[in-house]
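Accompanying notes for the structure given below.
The values are calculated or read from the model by the stated rules, or taken from the named source; none is laboratory data. All figures in this text were calculated on a predicted structure; none of them were measured in a lab. When we count neighbours, we look across all protein chains shown, and the Cβ atoms used for this are built from the backbone with ideal geometry, even at glycine.
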Amino acid sequence: MERPYVMTVSGPVEPEALGSVLMHEHLLCDLTAPARRGSGEPEVEITLENHFDVNYSPGEHLGNHRLHDRDLAVRECELFRKSGGGTIVEMTTGGIGPDLDGLVEISRRSGVHVVASAGFYTEDFQDPTTLELSVEAMTEIMIGEVLHGARGTSVRCGIIGEIGCSWPLTPFERRSLQAGAKTQRATGASITVHPGRHPQAPHEILDILDAAGADLSRVIIDHMDRTYECEDAEVVGLARRGCVVEYDFFGIEVSKYWMGVADLPNDWMRLRAVRRLLDAGLGDRVVLAHDICTRARLQTLGGHGYGHLLRNVVPLMRERGFAETEIERLFVHTPRRLLTIG
Ligand SMILES: [Zn+2]
């Protein structure tokens, strides 16, 4: 297909075909803490009795952070479609169990467009060989993932990242960002970054990407929800640097953050933060998602599912006076711009 196109796991599609887009989700992944992997403990079975507690302390229940059931993912994507959804950007990068063939099957069976992601997650999830890769070697791998096919398949990635970063940033993660910038220059794909858990982390990341030649208007900084207090005007300052900021914990209504360093907002508070960005004239620099990566958040298992934003939050937005054009910009136009390779 002639450019411009969006690269999905099923090949290039017209940008207009995406519909409403979730910019940061996981369909198949394994985010089990490295120390607990292969421990031999039994995986949790989610029941009505334990669902609240698994969701309240998601990391304490082995298996909750492993999504591996393709049939279940198809069902979840069908529910997303029923809620009016069109496209899911799947953020499972190297280290947390990417399964490209699985994504192709889920997309084909559910009719949801799926965009796969290139690159590497945080250092603690990598094997020793990967940690030794140079910027050049990482760039070559990532360009291959975007242009030819990822992880031994012919399935091409449509976005770079989520590039995993810790606080403080490790040398491996710094090289990963630099390789991301070089891959963007070679391919035109957008970059999306999971920042370390510190208010300075996004700024350090933008400095590194900028110095390596990245186009910051095609850089998304993820997880605003746990990086800044929702009342904090810092997010406005970050977006003013020219990047896109992402609120991607929608549906998490638990105030206790399982990683322990932030008080999480609820959906209303997220919407107030989004409103502040719109009022500051930054409405084309914010995107939304759920970042589903646990079983307890799947609709089939009693959670809110991938359709929550469209099914429940959009009506809240209307109630709070968001204009239809603003809603469409958040779910359709800004994602389309970011995913289009021109
Ligand atoms: Zn992340």
Self-check item: Condition check for Glu45: away from the ligand (no atom under 16 Å from the Cβ) and either modelled with pLDDT of 95 or more or under 24 Å from Glu173 (Cβ atoms) (or both)
Solution: yes
Quiz item: When the residues of the range 27-38 are filtered to those that are within 15 Å of the ligand (Cβ to nearest atom) and free of Cβ contacts under 8 Å to residues at least 40 places away in the same chain, which remaining residue is surrounded by the fewest Cβ atoms within 10 Å (Cβ to Cβ)?
Solution: Ala33
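Residues Val146, Val155: which one is more than 16 Å from the ligand (Cβ to nearest atom), part of a loop (DSSP other than H, G, I, E, B) and modelled with pLDDT of 95 or more? Before the answer, list the steps.
Details: Val146 fails: part of a loop (DSSP other than H, G, I, E, B).
None of the other options fit; the residue is Val155.
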Exercise. Could you please let me know if Thr32 is over 30 Å from Thr334 (Cα atoms), under 22 Å from the mean Cα position of the chain (by Cα) and in a loop (DSSP other than H, G, I, E, B)?
Key: yes
Practice problem: Could you please find all residues in the range 71-87 being surrounded by 24 or more Cβ atoms within 10 Å (Cβ to Cβ) and either part of a loop (DSSP other than H, G, I, E, B) or acidic (Asp, Glu) (or both)? | Solution: Glu76
Practice problem: Report, by residue number, each residue of the range 113-130 that is within 12 Å of the ligand (Cβ to nearest atom) and more than 21 Å from Ile143 (Cβ to Cβ). | Solution: Thr122, Phe125
Quiz item: Does the range 322-335 contain any residue that is on the phi > 0 side of the Ramachandran plot, over 15 Å from the mean Cα position of the chain (by Cα) and of a type outside the set (Phe, Trp, Tyr)?
Solution: no
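Of the residues His24, His68, which single one is modelled with pLDDT of 95 or more, surrounded by 14 or more Cβ atoms within 10 Å (Cβ to Cβ) and within 21 Å of Gly161 (Cβ to Cβ)?
His24
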Quiz item: Is it the case that some residue within the range 48-57 is under 22 Å from the mean Cα position of the chain (by Cα) and within 16 Å of the ligand (Cβ to nearest atom)?
Solution: no
Quiz item: In the range 190-211, what count of residues is obtained for those that are away from the ligand (no atom under 16 Å from the Cβ), in a helix (DSSP H, G or I) and of a type outside the set (Val, Ile, Thr)?
Solution: 7
Exercise. Can you give me the ranges of the strands (runs of 3 or more DSSP E) entirely in the range 212-308 with at least 1 residues that are within 18 Å of the chain's Cα centre (by Cα), within 16 Å of the ligand (Cβ to nearest atom) and among the acidic types (Asp, Glu)?
Key: 244-247
Quiz item: Name the pairs: first residue in the range 153-167 and farther than 16 Å from Cys29 by Cβ and of a type in the set (Ser, Thr, Tyr), second residue at pLDDT 95 or above and assigned to a strand (DSSP E or B), Cβ to Cβ under 9 Å, at least 6 apart or on different chains?
Solution: none
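Take the range 88-132 and flag every residue that is assigned to a loop (DSSP other than H, G, I, E, B), free of Cβ contacts under 8 Å to residues at least 60 places away in the same chain and surrounded by fewer than 24 Cβ atoms within 10 Å (Cβ to Cβ). Outline the logic, then answer.
Narrowing the range 88-132 to residues assigned to a loop (DSSP other than H, G, I, E, B): 91-93, 95-99, 111-112, 116, 119, 121-122, 126-127, 132.
Keeping just the survivors that are free of Cβ contacts under 8 Å to residues at least 60 places away in the same chain gives 111-112, 126-127, 132.
Those that are assigned to a loop (DSSP other than H, G, I, E, B), free of Cβ contacts under 8 Å to residues at least 60 places away in the same chain and surrounded by fewer than 24 Cβ atoms within 10 Å (Cβ to Cβ): Gly111, Gln126, Asp127, Glu132.
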